[in-house]
Each structure stands twice: as structure tokens, then as C-alpha cells.
Amino acid sequence: MEQKVAGILSQLVALASEVNRGGMSRYGINTAKAFGVPNSILHPMARKIGKSHALALALWSTGWREARILACHVDDKKQVTKAQALDWARDFDSWEIVDHAVKLFVEAGLFHELLPAFVTSNGEFKKRAAFSMMASAAVHLKKEPDQTFLDCLPMIKAAAGDDRNFVKKAVNWALRQIGKRALSLHGPALSLAGELAASDTKAERWIGKDAAKELSDPKTFVMIGQKKTPKNKRKLLAQATDSLSTIR
């Protein structure tokens, strides 16, 4: 395993780019321990490496940005545990790593187990993990009941006043993804967006306005694709348009 990890790190060293590191930094990515290898290269590399839980753990332990992204892609979701997820979460130091890791956690079926721990955390990146997980779950957990996401809305409302950049953006992301998941979730999500948009708190107002703008877009209804309920769709679109006009 040590040889495998050393070989992968050697490849990353050969691909290192100071120019890319600078560009990543401008996007808020922590590059203190990064080679500057873009995801467009890391993703095919992960596919070539294949799935290996042991290798994922070893790559994560190196602390390198690229190795940790690879770890998230090569890990076997069937072997990922809550204990592992919480252990990795202690190392969260960049929004990018958070978003890669929580997608793995969601695919591993750990959404319900991890959400309470993340949503009550005070750390910026662990807090982000809660809402990044909501966004990922809204997209990838196709069989999850609507009630799961309705239950997320009070958590979104409670965290919307957190003006830390990486939390605020994840809260907004979660609200938008939940609202776009289904027509049954669109109305409650848009209603919350309108409530937040009318707030006197800067973070809440930004989250609400940005979410309401996307959820009110006719393209959102096309994306949801509920062709069997055209009358209901037109009614919701009218309500969305009225809501956005009020917010503006």
C-alpha cells in the first residue's frame, strides 16, 4: 500500500502547477498542501485507479488536497462507516474537500446518521458539510421521501443567518436543490426563500433572493418536468412570479 501511495504521489508531483495553485486560491480552495492538479485530471485518474477502501484511507492520511480528492472517488461506498466519516470531517479545511467527501457519505447511505452531527457543529467546514450533504442528497437519493427534505427546511432557516462565506453558500445551495427536486418541494422551498429575502439580516437576504430567483425561473419548472400536472405547474409558476416581484 505504501508503494501504491508513493506512486500516486509521484504522478501528482509530475503534474504539479504553481499557476493552477494560484488559480485555486482565488476560488477559496485551501492550497497550503496542494500540487495544483485540476479535477479534470484527478477524476480520470481515479477511474483508472479503481475502487479500494484501503487505498482511500491511505491517500486521505497523506493530507494532500489531490490525494484526498482521489480518496473520495476511489473509496468503496459499501465500506465507508460513520466513524470514518466523522474522522475525515475532523480534517475538513477547504470547501472543495467537503463537497467531494459528503457526496461519498451520501452515496454510502450515511445521510441521516451524519446530518445531526454536522448541522450542530460550530466549525465552518463541518457546518458546510451539513448543507452540502442536503444538496447532494436532494440530487442523488432518488428514492428518499419528500418528508426528508421538508424536514431540512427548518435547519436551513436556522442556519441562514450564518454569514460565514462557505456556510452561507452551502445553505443557499441546499435550498435551491431541494426546491428543484420536485413540485411538492418547490412551493415550501420558494416560500422559505421569500421569507429569507425579506429579512433584515444580510446573509438571510442574500440566500433568499438568490434562491427565489432560480426557483422562480420558468426553466426550473421545465427541469422538474412534471408534464402530467400542467395546470398545477402554471399555478405554481404564477405564484413564483408574484413572489419574486414582491421580493424585488
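The values are calculated or read from the model by the stated rules, or taken from the named source; none is laboratory data. The structure presented is a predicted model; accordingly, all values stated were derived computationally and were not measured. Using ideal geometry, Cβ is built from the backbone for each residue, glycine included, and neighbour counts are taken over all protein chains shown. Each accessible area value is taken on the protein alone, full model and side chains, heavy atoms only, with ligands, DNA and RNA left out. Shrake-Rupley method; radii C 1.70, N 1.55, O 1.52, S 1.80 Å.
Quick look at the numbers
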read-out: Dipole moment magnitude, nearest 20 debye, segment 1-115 about Cα centre, only Lys, Arg, Asp, Glu C-beta charged; value: 220
read-out: Taking the chain and dividing mean pair separation by its residue count, relative contact order in percent (alpha carbons under 8 Å, at least six apart); value: 11
read-out: Length released on extending from Lys213 to Lys143, taking residue separation times 0.36 nm less the Cα-Cα span; value: 22.5 nm
read-out: Within the chain, helix-based [θ] at 222 nm, where runs of 4 or more DSSP H residues each add -39,500 (n - 2.57), nearest 500; value: -22500 deg cm²/dmol
read-out: Rounded if a/c under 1.5, otherwise prolate or oblate - segment 76-189, Cα gyration tensor axes; value: oblate
read-out: Degrees, to the nearest 10: 183-197 long Cα axis against longest axis of the chain; value: 90
read-out: Relative packing of peptides 63-76, 109-122 - highest average C-beta neighbours within 10 Å first; value: 63-76, 109-122
read-out: Accessible surface of the chain [probe 1.4 Å, protein heavy atoms]: carbon and sulfur percent; value: 53
read-out: Rough spin-label spacing in nm, given labels placed 7 Å along Cα→Cβ, for Ala32 and Leu183; value: 5.0
read-out: Mean Cβ count within 10 Å, highest first, over the residues of peptides 10-23, 47-60, 160-173; value: 160-173, 47-60, 10-23
read-out: Total lysine pairs under 21 Å (Cα atoms) in segment 26-131, excluding pairs fewer than 8 apart on one chain; value: 16
read-out: Test item: Cα-centred dipole of the chain, Lys/Arg +1 and Asp/Glu -1 on Cβ, debye; value: 900
read-out: In nm, spacing of pseudo-spin labels at Ala6 and His43 (7 Å Cα→C-beta vector); value: 3.2
read-out: Relative intensity, log₁₀ I(q)/I(0), of segment 92-153 from a Debye sum that treats every alpha carbon as a point, q = 0.16, 0.18, 0.19, 0.29 Å⁻¹; value: -0.44, -0.56, -0.63, -1.35
read-out: Cα lying deepest toward the dipole's positive end in the chain, options Phe149, Val80, Leu15, charges on Cβ; value: Phe149
read-out: Gain upon complete extension [Glu113, Val19; 0.36 nm per residue less C-alpha separation]; value: 29.9 nm
read-out: Added length on full extension, which subtracts the Cα-Cα distance from 0.36 nm per residue, Asp76 to Lys202; value: 41.3 nm
read-out: Cα gyration tensor of the chain - equivalent ellipsoid semi-axes, whole Å, descending; value: 36, 19, 17
read-out: Angle in degrees between helix 124-140 and the longest Cα principal axis of the chain, rounded to the nearest 10; value: 70
read-out: Between segment 168-187 and segment 100-136, the Cα center-to-center distance that results, in Å; value: 16
